[in-house]
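Since the structure comes first, as structure tokens, the remarks are kept for the end.
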Amino acid sequence: MKTIKSADKADRIDNIVGLPGNSQIRSLRLGGYLKSRLESNERLWLHSALRNNPSLFEIFETRESNPRCIVPWFGEYPGKILTGMALTYRMSGNPDTLKAGNEWVDRLEAVQGADGYLGPHPENRRFSGRMHEDAKAVFGWGNSPLWDVWGHYHCIYGLYQWYIATGNKKALVIAVRAADSVIGYFIRDGRDFSSAGSQEMNLAIGHAFVLLYRETGNRDYLSTAQQVVEEWKKPGCGNWFADALSGKDFYEMEKPRWEALHCVMTLAELYRTTGQNEYFTALESIWQSIARTDRHNDGGFSSDEGAVGDPYRLGAIETCCTVAWMALGTEYLKLGKRSLTADELELSFFNAALGSLTENDYIFTYNVPMSGQRIGADITLKWQTTENARDMNCCQANGNRGLSQVAEWAAFSDKTGMYLNFYSPYAMTAYTPSGQIIKVVQNTDYPISGTINITVELENAEEFPLHIRIPCWSADTALYINGEECMNIAAGRYYTIDRVWNNGDSLSLRLDMSAHYLTGEGAVSGRTSVYHGPVLMTLDSLVSGTDIDICSFDRKMLDNMTVKDGTDGHWLTAEVVDTEGKSVLLVDFASSGRGGSHYISWLNIRNSPSAVKTKEKDLPVWASR
């Protein structure tokens with residue numbers, strides 16, 4: 001064994017040209033609760049989405065002969081769903097998902113115009129047009145700019161992800177033709193991209209252009225992406241790059257809606273491609289700003305669809321916003337290589353993302369409030385849908401990506417080593433830094449307990465650094481390799497083991513799962529959130545056996561709570577005695593609110609820790625004890 005040490009991050013500059021194709025996982029076969037929920041959603045939603053929504057592609061196909069009055073973002077739906085399919089297939093390898101995704105690609109090919117156009121709007125309105133003339137009567141508002149370029153962005157991104165996941169070259173060809181159609185309309189015809197309006201949505205196309213440049217080598221895509229970023233400087237176009245470099249928080253910027261995060265992801269790809277440090281600096285500034293000022297206690301992002309600089313505000317926390325936050329975090333993790341970023345991704349996945357999936361494992365919600373009630377998007381966003389496409393709303397289309405995004409951050413490798421970020425019962429196949437296939441098996445009941453036994457299997461012995469995430473909330477961590485104890489482990493950092501790895505090597509990780517807290521301010525002043533590892537615990541009106549609004553706890557009782565495997569569809573539960581001496585049941589955030597019940601995640605806790613102000617690069621305030 002050459003070195004054993006704790007590291008905040010490895011040298012990212014060694015990998016500025018991007019992650020090679022073998023950097024990602026090949027498969028991630030989950031066990032336990034996550035397996036049941038994700039496989040159920042894969043089967044019930046992804047495999048049936050086309051069958052249950054037959055008019056989705058018909059609206060694209062008949063855009064000239066029968067243009068429909070649809071929401072401006074209707075064109076995003078096929079791409080968002082295909083992105084979820086691609087990430088899900090990378091994990092499961094399910095042949096039915098492969099079949100469904102390939103059929104999705106075939107349908108996109110069938111509706112693509114001769115010029116590559118891939119949207120649902122007639123020629124006289126495409127790209128920079130306005131809504132249908134009946135929009136005001138149908139929706140109560142109208143004459144707004146279409147999000148047609150935004151729709152193309154999501155379709156191109158979904159097709160690109162499907163190509164990466166399956167090698168289906170048809171998907172890449174469709175994506176390239178769609179991108180060329182956009183370039184033809186704007187660049188060759190002398191239009192600015194900002195002329196499309198709705199800039200925080202439509203300017204996200206820059207992200208797709210850089211991805212296609214890296215895949216095809218066509219420099220037109222790179223120069224076009226750079227032009228899009230240059231247009232950010234124009235009034236009304238966000239100015240995210242310059243504002244981030246100047247130190248502005250994201251919520252202070254001109255366009256702080258959630259869709260802008262997809263624009264910001266352009267910076268990640270430009271950094272990988274060019275190595276210009278300013279791109280990374282701006283990306284890091286925006287991610288850290290949101291983590292400090294707008295990420296809620298459940299890992300969700302946004303208040304009423306944007307950043308407001310107040311993580312305690314009680315506005316709606318939209319599923320699409322959290323998905324975008326996780327996607328941005330995934331890109332920042334791969335470049336910044338800070339284990340705290342993986343902590344944030346785990347927090348979002350285990351709470352807000354899982355919490356967006358209702359108990360039928362089919363319907364996602366629009367709003368996943370910190371406290372309140374979860375109502376399916378089929379009800380709250382019904383106004384977005386159209387006949388024979390009743391599932392077509394933004395959050396239903398996007399929800400699966402929140403569940404399957406873990407395929408991109410569970411582990412990855414580059415020249416600086418292999419990074420192990422995700423803990424759960426699973427068998428994962430991935431790649432070592434040299435490109436050799438490695439299998440990682442985790443035997444654990446995490447996050448019930450913090451005991452995680454890991455074995456590695458690989459054909460040939462190989463020397464490389466393995467970076468193991470030590471969560472920020474694990475104050476007392478033990479790690480053993482082949483029975484030898486590792487020393488100097490620090491919370492909130494990667495622990496790096498640089499050695500020759502052999503088939504059958506084992507690691508045993510013991511994480512500190514004692515309760516930790518986040519003390520509320522603002523709208524939730526006087527209330528406190530309690531966590532078991534990465535899992536936010538709640539009171540639920542149907543199962544907790546108490547009046548959830550007036551129930552109170554002494555912190556000492558929560559410090560000693562015993563968390564168990566849940567029952568009746570709940571992931572985790574804990575029996576705790578309240579200040580009246582009554583036994584009360586706490587349930588995990590993701591599975592609270594079942595059956596339309598009310599829940600709260602901000603509890604009345606006596607002697608809770610004092611509120612801690614967030615500071616850049618400090619341990620997150622939700623790790624307080």
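Quick notes
- Accessible surface for the chain, divided over its residues, is 34 Å² per residue with a 1.4 Å probe.
- With DNA, RNA and ligands ignored, accessible area of GLU61 (1.4 Å probe; Å², nearest 10): 130
- Taking LYS99, LYS439, LYS255 and ordering them by how much accessible surface each has at a 1.4 Å probe, largest first, produces LYS99, LYS439, LYS255.
- In a simple Cβ point-charge model (Lys, Arg +1; Asp, Glu -1; nothing else charged), the chain has a dipole of about 480 debye relative to its Cα centre.
- Normalised by residue number, the volume inside the convex hull of the Cα atoms of the stretch 362-476 is 171 Å³ per residue.
- Here the alpha carbons of the stretch 29-110 define both size measures, Rg and Dmax, at 14.5, 50 Å.
- Kirkwood-Stokes translational diffusion coefficient of the stretch 216-278, alpha-carbon pairs, 25 °C, 0.890 mPa s, µm²/s: 198
- Each Lys and Arg contributes +1 and each Asp and Glu -1, all at the Cβ; summed about the Cα centre of the stretch 397-527, the dipole is approximately 420 debye.
- ASP106, ASP578, reordered so the largest accessible area comes first (probe 1.4 Å): ASP106, ASP578
- Cα-based convex hull, the stretch 280-350, per residue volume (Å³, whole number): 74
- Solvent exposure ordering (accessible area, 1.4 Å, most first) of HIS47, HIS154: HIS47, HIS154
- The stretch 426-470: GluC sites (Glu not before Pro) in DSSP coil with no more than 12 other Cβ atoms inside 10 Å: GLU459
- Estimated from helical segments only, the mean residue ellipticity of the chain at 222 nm is -10000 deg cm²/dmol, where each DSSP H run of four or more residues counts as -39500 (n - 2.57).
- With DNA, RNA and ligands ignored, accessible area of THR451 (1.4 Å probe; Å², nearest 10): 50
- Rolled with a 1.4 Å probe across the full set of protein chains, the surface gives ARG107 an accessible area near 80 Å².
- Here, P(r) means the percent of Cα pairs in each 10 Å bin from 0 to the largest distance; for the chain it is 3, 17, 28, 28, 17, 6, 1, 0.
- For the stretch 477-618, convex hull of alpha carbons as volume per residue, Å³: 163
- Taken along its principal axes, the alpha carbon cloud of the stretch 313-377 reaches lengths of 36, 28, 15 Å, longest axis first.
- Under 5 Å, built H, 5+ apart or other chain: amide partners of ARG499: LYS2, PHE464, LEU466
- The alpha carbons of the stretch 450-536 occupy a box of 56, 23, 19 Å along the principal axes, longest dimension given first.
- For the chain, the carbon plus sulfur part of the accessible surface works out to 45%, probe radius 1.4 Å.
- Compactness relative to 2.2 N^0.38 Å, alpha carbon Rg of the stretch 90-246: 1.11
- Cα convex hull of the stretch 441-488 - mean projected area over all directions, nm²: 4.4
The values are calculated or read from the model by the stated rules, or taken from the named source; none is laboratory data. All of these numbers come straight from a predicted model, not from anything done at the bench. So basically every Cβ, Gly included, is an ideal-geometry build from the backbone, and we count neighbours across all protein chains shown. Note: areas computed on protein heavy atoms with side chains; ligands, DNA, RNA excluded. Shrake-Rupley method; radii C 1.70, N 1.55, O 1.52, S 1.80 Å.
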